[in-house]
Amino acid sequence: MTAKKKVIIIGGGFGGISAAKSLANSQYEVTLIDKKNHHLFQPLLYQVASAALSPADISVPLREIVGHYPNILVLLDEVTNIDKDKKVIQCKSSKELPYDFLIVAPGSKPTYFGQDKWRQLAPGLKTLEDALTIRNKVLQSFEECEKNNSDELNFVIIGAGPTGVELAGAFAEIAYDILIKEFKNFDSKKAKIYLIEGGKEVLPAYSGKLSKKAQEYIEKLGVIVLTGDRVEEITDEYVKVGNRVIASKNIIWAAGNTTSALTKALIPDKEQGDDYADKMGRLYVEDNLSLKDYPSIFIIGDAANSKDKEGDPLPALAPVASQQGKHVAKQLLKEKSLPFQYLDKGTMATIGKYRAVVDFRGFKFSGLFAWICWCVVHILFLIDFRNRVMVFMQWGFAFFFKEKGVRIITENKYEHPE
Ligand SMILES: Cc1cc2nc3c(=O)[nH]c(=O)nc-3n(C[C@H](O)[C@H](O)[C@H](O)COP(=O)(O)OP(=O)(O)OC[C@H]3O[C@@H](n4cnc5c(N)ncnc54)[C@H](O)[C@@H]3O)c2cc1C
């Protein structure tokens with residue numbers, strides 16, 4: 001009997017988990033390795049940061065998702081290097097594992113455009129730890145104002161992509177709607193929420209019409225939108241944007257992403273880096289998602305620069321990663337190379353309660369109906385039935401009773417890994 005071929009999947013996010021599920025009960029011996037023990041539904045991370053949901057509502061242990069399949073081994077470890085010629089990966093635990101096929105799906109992380117000292121001052125939103133850090137900081141600031149009889153409270157969110165807009169909307173809801181009745185010495189309506197965008201408009205990746213609509217909605221909620229100026233300085237007391245200095249101890253970074261350090265291990269020669277990776281560090285892939293010159297290594301999700309029909313890079317979105325994971329598995333199951341084609345499922349962002357913008361294959365709409373679509377899609381795409389029920393219940397409760405159930409301050413210090 002011949003030994004089963006080994007497939008290693010690095011990362012149990014949207015890309016990795018869809019590849020693993022598609023390879024369940026197959027002819028391959030699959031190992032899924034992740035440095036976290038859970039799959040995380042990142043699109044709802046901002047709701048953990050704004051105390052609407054608990055961490056467990058949007059995450060599921062990887063072992064629970066695929067650990068019961070006889071041909072899938074789940075390992076909690078960090079992959080630190082890939083030896084492409086020997087076909088071996090190295091882990092932080094010093095474990096070395098050989099592979100026949102490698103699926104690389106380590107996602108991305110926030111980039112501070114060379115200003116790494118800002119990392120500690122302005123946390124990004126990528127992991128559950130990040131979300132809890134932001135939640136703690138924000139809730140603690142309200143408490144400080146109550147203790148000191150102060151109405152001076154500024155939140156600054158840098159970057160007005162979907163994450164920035166969604167966070168700003170959620171903070172406005174907390175400050176201007178939910179907490180208003182609970183403080184005695186502090187008027188939470190006086191808190192200021194700034195949303196800063198270096199480009200000309202909010203949601204720059206959406207059309208002009210939807211960007212304008214989003215800005216109108218977010219300003220109606222009371223958020224101050226500043227566009228066209230880049231952040232020049234961040235300290236633990238203020239942010240400097242153009243000529244303006246905004247005092248704040250609550251600065252959140254939602255301005256840009258780069259790929260994980262691991263993708264660098266796949267670039268053969270640093271001198272030739274530009275031939276292999278784009279400015280965000282995403283690796284260029286062949287039509288079938290394999291790495292140039294290495295047909296047994298596939299790069300998927302946020303780590304890949306894979307092109308659409310027009311030759312533009314596909315966006316860093318969950319459906320892109322999921323479809324790519326499935327596609328790589330399909331090629332392995334059929335043992336033949338097939339070009340990848342992305343089926344565009346549209347993009348959407350919510351702005352506070354009751355408002356959202358949706359771009360569904362050129363059909364653009366906004367408002368209450370868009371918000372209902374946003375809610376339905378996000379419930380449906382949560383990976384686990386329990387998560388769907390929990391999130392549905394939490395949202396129902398918040399909708400009818402205007403409550404944010406998870407306003408708990410816990411002790412944890414922000415230390416963002418490099
Ligand atoms: C706050 C936020 C909001 C978002 N909102 C939306 C949205 O509304 N709609 C949408 O479509 N997309 C959204 N996205 C983007 C979407 O989440 C990503 O495009 C998607 O998660 C990419 O999938 P992936 O599999 O490439 O990586 P990820 O899902 O990020 O998974 C990567 C996995 O790899 C693991 N890993 C990383 N490095 C290593 C290593 N060296 N060793 C072992 N494991 C490793 C990580 O722990 C992680 O589990 C959002 C992202 C964020 C951060």
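The values are calculated or read from the model by the stated rules, or taken from the named source; none is laboratory data. These figures come from a predicted structure and were not determined experimentally. Cβ: placed from backbone, ideal geometry, glycine included. Neighbour counts: every protein chain shown.
Quick test of your reading of the structure: Thr111 fulfils all but one of (1) in contact with a helix residue (DSSP H, G or I) (Cβ under 6 Å, 6 or more places away or on another chain); (2) touching a residue at least 60 places away in the same chain (Cβ under 8 Å); (3) of a type in the set (Val, Ile, Thr). Name the failing condition by number.
(1)
On the given criteria, is Arg244 among the charged types (D, E, K, R), within 24 Å of the chain's Cα centre (by Cα) and surrounded by fewer than 20 Cβ atoms within 10 Å (Cβ to Cβ)?
Working: among the charged types (D, E, K, R): yes; within 24 Å of the chain's Cα centre (by Cα): no; surrounded by fewer than 20 Cβ atoms within 10 Å (Cβ to Cβ): yes.
When the stated conditions are applied, Arg244 does not pass them.
For the stretch 253-341, give me every one of the helices (runs of 4 or more DSSP H) that falls completely inside it and has 3 or more residues that are closer than 25 Å to Asp116 by Cβ and either more than 12 Å from the ligand (Cβ to nearest atom) or modelled with pLDDT of 90 or more (or both).
Values: elements: 261-264, 273-276, 318-334.
The helices (runs of 4 or more DSSP H) meeting that bar are 273-276.
For the stretch 37-59, check the following and say yes or no: at least one residue is charged (D, E, K, R) and out of contact with any helix residue (DSSP H, G or I) (no Cβ under 6 Å at 6 or more places or on another chain).
Going through the stretch 37-59, the residues charged (D, E, K, R) turn out to be 57.
Next, only the ones that are out of contact with any helix residue (DSSP H, G or I) (no Cβ under 6 Å at 6 or more places or on another chain) stay: none.
No, the stretch 37-59 has no match at all.
Identify all residues within the stretch 108-150 that are farther than 23 Å from Pro162 by Cα and outside any loop (DSSP other than H, G, I, E, B); write none if there are none.
Selection gives Gln140, Ser141, Phe142, Glu143, Glu144, Cys145, Glu146, Lys147.
Any residue in the stretch 102-115 that is charged (D, E, K, R) and away from the ligand (no atom under 11 Å from the Cβ)? Steps first, please.
Just the residues of the stretch 102-115 that are charged (D, E, K, R), to begin with: 109.
The next check asks that each one be away from the ligand (no atom under 11 Å from the Cβ); those that pass are none.
The answer is no; no qualifying residue exists.
Got at least one residue in the stretch 353-362 being free of Cβ contacts under 8 Å to residues at least 12 places away in the same chain, farther than 23 Å from Phe14 by Cβ and surrounded by 14 or more Cβ atoms within 10 Å (Cβ to Cβ)? Before you say what the answer is, go through the steps one by one.
Of all residues in the stretch 353-362, those free of Cβ contacts under 8 Å to residues at least 12 places away in the same chain come to 362.
Next cut, farther than 23 Å from Phe14 by Cβ only: 362.
Applying the additional criterion that residues be surrounded by 14 or more Cβ atoms within 10 Å (Cβ to Cβ) yields none.
The answer is no; no qualifying residue exists.
Can you tell me which residues in the stretch 165-204 are part of a loop (DSSP other than H, G, I, E, B) and in contact (Cβ under 8 Å) with a residue 60 or more places away in the chain? Can you show your working first?
Taking the stretch 165-204 and keeping what is part of a loop (DSSP other than H, G, I, E, B), we get 182-187, 191, 198-204.
Of everything in the stretch 165-204, just one residue is part of a loop (DSSP other than H, G, I, E, B) and in contact (Cβ under 8 Å) with a residue 60 or more places away in the chain, namely Leu203.
Can you run down the residue pairs with Cβ atoms below 9 Å, 6 or more apart or on separate chains, where the first is in the stretch 298-323 and on the phi > 0 side of the Ramachandran plot and the partner is of a type in the set (Val, Ile, Thr)?
As it stands, the answer is Gly301/Val104; Gly301/Val320, since those pairs meet every condition given.
With respect to the numbered conditions (1) modelled with pLDDT of 95 or more; (2) touching a helix residue (DSSP H, G or I) at 6+ places or on another chain (Cβ under 8 Å); (3) surrounded by fewer than 21 Cβ atoms within 10 Å (Cβ to Cβ), which one is the sole condition not fulfilled by Lys249?
Lys249 satisfies all of (1) modelled with pLDDT of 95 or more; (2) touching a helix residue (DSSP H, G or I) at 6+ places or on another chain (Cβ under 8 Å); (3) surrounded by fewer than 21 Cβ atoms within 10 Å (Cβ to Cβ) except (1).
May I ask you to list the residues in the stretch 1-13 that are more than 6 Å from the ligand (Cβ to nearest atom) and β-branched (Val, Ile, Thr)?
At the first step, the residues of the stretch 1-13 found to be more than 6 Å from the ligand (Cβ to nearest atom) are 1-9.
Once the filter is applied, which keeps residues that are more than 6 Å from the ligand (Cβ to nearest atom) and β-branched (Val, Ile, Thr), the stretch 1-13 yields Thr2, Val7, Ile8, Ile9.
Among Tyr176, Tyr238, which is the only one that is crowded, with 16+ Cβ neighbours inside 10 Å, at pLDDT 95 or above and of a type in the set (Phe, Trp, Tyr)? First the steps, then the outcome.
Details: Tyr176 fails: at pLDDT 95 or above.
None of the others qualify; the one that does is Tyr238.
For the stretch 85-104, enumerate the residues that are part of a strand (DSSP E or B) and without any contact (Cβ under 8 Å) to a residue 40 or more places away in the chain. Show your work before the answer.
At the first step, the residues of the stretch 85-104 found to be part of a strand (DSSP E or B) are 88-91, 96-98, 101-104.
Matches in the stretch 85-104: Val88, Gln90, Glu96.
Taking the stretch 14-40 as the search range and keeping residues that are within 13 Å of Ala321 (Cα to Cα) and touching a strand residue (DSSP E or B) at 6+ places or on another chain (Cβ under 7 Å), which one is nearest to the ligand (Cβ to nearest atom)?
Step one: list which residues in the stretch 14-40 are within 13 Å of Ala321 (Cα to Cα), which gives 14-20.
Next cut, touching a strand residue (DSSP E or B) at 6+ places or on another chain (Cβ under 7 Å) only: 16-17, 19-20.
Numbers: Gly16: 5, Ile17: 8, Ala19: 9, Ala20: 11 Å.
Here the answer is Gly16.
Check off (1) under 25 Å from Gly161 (Cα atoms); (2) surrounded by fewer than 18 Cβ atoms within 10 Å (Cβ to Cβ); (3) without any contact (Cβ under 8 Å) to a residue 24 or more places away in the chain for Phe381 and give me the number that stays unchecked.
(3)
For Leu226, indicate whether it is more than 18 Å from Pro315 (Cβ to Cβ) and not in a helix (DSSP H, G or I).
On the way: more than 18 Å from Pro315 (Cβ to Cβ): yes; not in a helix (DSSP H, G or I): yes.
Judged against the criteria, Leu226 is a match.
Return the residue satisfying two criteria in turn: it lies in the stretch 42-57 and is surrounded by 24 or more Cβ atoms within 10 Å (Cβ to Cβ) and within 8 Å of the ligand (Cβ to nearest atom), and of such residues it is farthest from Leu167 (Cα to Cα).
Selected residue: Leu45.
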